[in-house]
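Written out below as structure tokens is the structure these notes cover.
The values are calculated or read from the model by the stated rules, or taken from the named source; none is laboratory data. No experiment lies behind these values; they were computed from the predicted model shown. Cβ coordinates were reconstructed from backbone atoms using ideal geometry, including for glycine residues, and neighbour counts include every protein chain displayed.
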Ligand SMILES: [Zn+2]
């Protein structure tokens, strides 16, 4: 038994060394997440403590209807002016009854405030993190979704009618962050197909948006899929395009201000503790912070490389032949026949079967060349809203990617989508 455990730990150590990842870092940061969520007063006390360290400064962005502060912490290397660095804005808990965002951002701040790790110190010389751990303190005080005036803050980004959204918008305009993250949690039970598992929503590559914006969001969401898979966390990535509802925070910053922005939804429910839900946010924030630190200005290129979630990326490997890389065992993808979605008559269910090799990381479903979703877990399906689709034949595709972002298998077919919902093959 002891021997087996020893061998297992050797194998694990070798695997970690091979991937270059510090497998313990997310668990290490998540271990700072308490069993019971911070109250507003406890969160403010935690920020005051952090303010005493030389890497963190805290400020109030404004006050709520009930007089609480919307507080923001800035963490970076003390020898650097945060305004001169790249900046990542993290907005947590617009919905007062979703505590994981407060806990994940506080845990990350506490870790970065004191860590002497080489990777962390290097990150903080490149990126300043601007974190708002409790965007809706009035809602948090009552564990309610809405703010003190009964308004849903995440539907207020067009009107900007509430003190909380106005304060955060002013901070955005003052600091001009390069990337925005918005942290949320999903209900345990929901009829919505997309609400069944953790997801990220970001900006699609789209002709009417700057190319670089779509490229950055696409590359970063691919990296998120790879890293979540590596940590055993299921993830779907969905994409927003112009015309989507910009009353939502991440769409406001992504589609209106046109900075890469990422909505994180962490699934709640049985077996998903506050710490587990926060760990998903923590890994997401680390991947995005590192993309911003090391890959933000990469020239556009089709190949994605994995990188350490908390360290400078290793030197690029030489290009390899796709054939040689996949070796004798090959990943295969087969699209299923599109069928009407039994849950919703306006939707068509796309399915795919994947026979994955070790290097398979995620699958995309595409419609006429546009990525609809990126998913790193089976069953591989996507519920397509056919209302937005033109009549006539469309091409759907499913493509499998490896952890370097290389397409390793695909299947395409032309189908006629019949309104509403039904689909005819070939
Ligand atoms: Zn929410």
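Scanning region 351-370 for residues that are at pLDDT 90 or above and under 23 Å from the mean Cα position of the chain (by Cα) gives 360, 361, 362, 363, 364, 365, 366, 367.
Taking region 245-278 only, how many residues are away from the ligand (no atom under 16 Å from the Cβ) and within 12 Å of the chain's Cα centre (by Cα)?
Residues flagged as away from the ligand (no atom under 16 Å from the Cβ) and within 12 Å of the chain's Cα centre (by Cα) within region 245-278 amount to 1.
Being surrounded by fewer than 21 Cβ atoms within 10 Å (Cβ to Cβ) and either in contact with a strand residue (DSSP E or B) (Cβ under 8 Å, 6 or more places away or on another chain) or at pLDDT below 95 (or both) narrows it down to one residue among 124, 89, 85, 108; which is it? After applying the criteria, what remains is 85. Condition first: within 18 Å of residue 32 (Cα to Cα) and within 16 Å of the ligand (Cβ to nearest atom). Can you find one or more residues in region 62-76 that meet it? The answer is no; no qualifying residue exists. Across region 154-195, the number of residues qualifying as part of a loop (DSSP other than H, G, I, E, B), more than 30 Å from residue 85 (Cα to Cα) and more than 16 Å from the ligand (Cβ to nearest atom) comes to 3. Of the conditions (1) in contact with a helix residue (DSSP H, G or I) (Cβ under 9 Å, 6 or more places away or on another chain); (2) surrounded by fewer than 22 Cβ atoms within 10 Å (Cβ to Cβ); (3) in contact (Cβ under 8 Å) with a residue 60 or more places away in the chain; (4) farther than 19 Å from residue 65 by Cα, residue 197 clears all except one; give me its number. Result: residue 197 fails condition (1) only. The listed residues are 77, 54, and the only one of them that is in a loop (DSSP other than H, G, I, E, B), assigned by TED's automatic domain parsing to the domain that holds residue 29 and over 27 Å from the mean Cα position of the chain (by Cα) turns out to be 54.
Step by step: first the residues of region 371-391, then only those that are part of a loop (DSSP other than H, G, I, E, B) and more than 24 Å from the chain's Cα centre (by Cα), then the one that is nearest to residue 242 (Cα to Cα). Which residue is that?
389
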